[in-house]
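Only one structure is covered here, and it is reproduced in the block below.
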Amino acid sequence: MDLIIRRAMLPRSAASQDGQAVDIGIDAGRIVAVEPKLAASAAEEIDAAGSLVTPPFVDPHFHMDATLSYGLPRVNASGTLLEGIALWGELKPDLTQEALVGRALQYCDWAVARGLLAIRSHVDVCDPRLLAVEALLEVKRRVAPYLDLQLVAFPQDGILRSAGAFENLKRAIAMGVDVVGGIPHFERTMADGAQSVRLLCEFAAEQGLRVDMHCDESDDPLSRHIETLAAETQRLGLQGRVTGSHLTSMHSMDNYYVSKLLPLMRESGVAAIANPLINITLQGRSDTYPKRRGMTRVPEMMAAGINVAFGHDCVMDPWYSLGSGDMLEVAHMGLHVAQMTGVDGMHACFDAVTVNAARILGLEGYGVAPGCAANLVLLDARDPVEAIRLRAARLAVVSRGKVVSRAPAARAALSLEGRPAQVDFKLHRG
């Protein structure tokens, strides 16, 4: 074999041999064996020593065309969503393909080092030059040997509100963009928003494509475009291919209406993506106190049988000045905002940045089982909960069967009389 990872623990979703450590055998870019004490040899062996090995992190919602542009053309002084949109509009005329590609490739380097090997990025199509589309298609080509980059044609300024946006979107799809996007709550009227959902879903159905819409990213409980999106999904037979991203208005809706909405979403097979870092930052801005949290109803949707994932959304761009491509940081924030601090809830938050997100992207061969693609992350943690708590170091990242990143374990040396020489921030009993 090419590589064996020995004595690895697996997350719950990978069914870890009743809690036993397993060896993972890899050959020709595929996992060929997952079993205790694998009787085989390999060109390279890594001893996990009881640490967690997981399939890679997946970010189902990101804006790579804007990433690492913080401070261009100026800083978002208010920190609000609307000023961020205005800033992006100011920046667009000065964008160059070289700068876009350079920033995106730098972010992809960060992603790989974080064990993030699949990203769905929205790319603005309202600029008739489609400069960002061309740039991210070039980035997709360059990173293909080690990272799955899926692109969404995103009409940032509204498909009806922005002149020529629909034609630009169609051109972007023809150029090779993968998914149809939208932003119905940003259209001029609620009726226009609903019409945009219908037009875009019809186009996606004609083209045989997936749909991922920024939907109801608002504190307004009457922003209910997710209802239209679910209904159009059923009407057009798009079940399993449609995602509503953000859905923050749901945090302000009354419980009776939500009790009607959740079954509709489940029956239509519409998935949901929350973006905890950005939702908790941008929503509730007009509130004094009590102040709304802003994130959609994650545990309620999960309990209703809806596939829910977490996205990073932004890193150092007009909307968010922080971030580093760490999906464990995303899961950590989601866990707190949704108050999912029970054991099952914490594991569900780990799934939200791995298996749930992979399902939304339709990734083939994702997992830790024979036949799966050999894309894996060795974490300096014993289980998913510890990984989230510590935002654990990625000791090794494997892409297509090759180790593409390594990092040291997090240790601190102590000089304290009568105390240990170092700490690793893990709980040691006895």
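The values are calculated or read from the model by the stated rules, or taken from the named source; none is laboratory data. All figures in this text were calculated on a predicted structure; none of them were measured in a lab. No Cβ is skipped: glycine too gets one built from the backbone with ideal geometry, and neighbour counts run over all protein chains shown.
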Self-check item: Output for the stretch 258-267, where each listed residue is in contact (Cβ under 8 Å) with a residue 12 or more places away in the chain and either touching a helix residue (DSSP H, G or I) at 6+ places or on another chain (Cβ under 8 Å) or farther than 11 Å from M301 by Cα (or both)
Solution: V258, L261, L262, L264, M265, E267
Quiz prompt | Flag for H251 being surrounded by fewer than 24 Cβ atoms within 10 Å (Cβ to Cβ) and touching a residue at least 24 places away in the same chain (Cβ under 8 Å) | solution = yes
Quiz item: Residue check: is M64 crowded, with 20+ Cβ neighbours inside 10 Å and either at pLDDT below 95 or not in a strand (DSSP E or B) (or both)?
Solution: yes
Quiz item: Here are T288, T281, T296: which of them is among the β-branched types (V, I, T) and farther than 28 Å from D124 by Cβ?
Solution: T288
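For (1) among the basic types (K, R); (2) in contact with a strand residue (DSSP E or B) (Cβ under 7 Å, 6 or more places away or on another chain); (3) without any contact (Cβ under 8 Å) to a residue 12 or more places away in the chain, each residue gets a yes or a no:
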| position | (1), (2), (3) |
| --- | --- |
| G345 | no, no, no |
| A352 | no, yes, no |
| R359 | yes, no, no |
| A373 | no, yes, no |
Quiz item: Of everything in the stretch 177-217 that's closer than 17 Å to T243 by Cα and either of a type in the set (D, E) or modelled with pLDDT under 95 (or both), which residue is surrounded by the fewest Cβ atoms within 10 Å (Cβ to Cβ)?
Solution: E202
Quiz item: Can you name the residue in the stretch 69-119 that is over 16 Å from R141 (Cα atoms) and polar (S, T, N, Q) and is also modelled with the lowest pLDDT among such residues?
Solution: T80
Quiz item: Counting only residues that are touching a residue at least 40 places away in the same chain (Cβ under 8 Å) and charged (D, E, K, R), which one in the stretch 268-322 is surrounded by the fewest Cβ atoms within 10 Å (Cβ to Cβ)?
Solution: D287
Quiz item: What residue, among those in the stretch 148-176 that are hydrophobic (A, V, I, L, M, F, W, C) and either in contact with a Lys or Arg (Cβ under 9 Å, 6 or more places away or on another chain) or part of a strand (DSSP E or B) (or both), is farthest from M213 (Cα to Cα)?
Solution: L149
Quiz item: Looking at A77, A40, which is the one that is more than 24 Å from the chain's Cα centre (by Cα) and not assigned by TED's automatic domain parsing to the domain that holds T281?
Solution: A40
Practice problem: Please find, within the stretch 158-176, the residue that is farthest from R359 (Cα to Cα) out of those that are surrounded by fewer than 21 Cβ atoms within 10 Å (Cβ to Cβ) and in contact (Cβ under 8 Å) with a residue 40 or more places away in the chain. | Solution: R171
Quiz item: Going by the conditions given, is G325 at pLDDT 95 or above and either more than 27 Å from P263 (Cβ to Cβ) or not polar (S, T, N, Q) (or both)?
Solution: yes
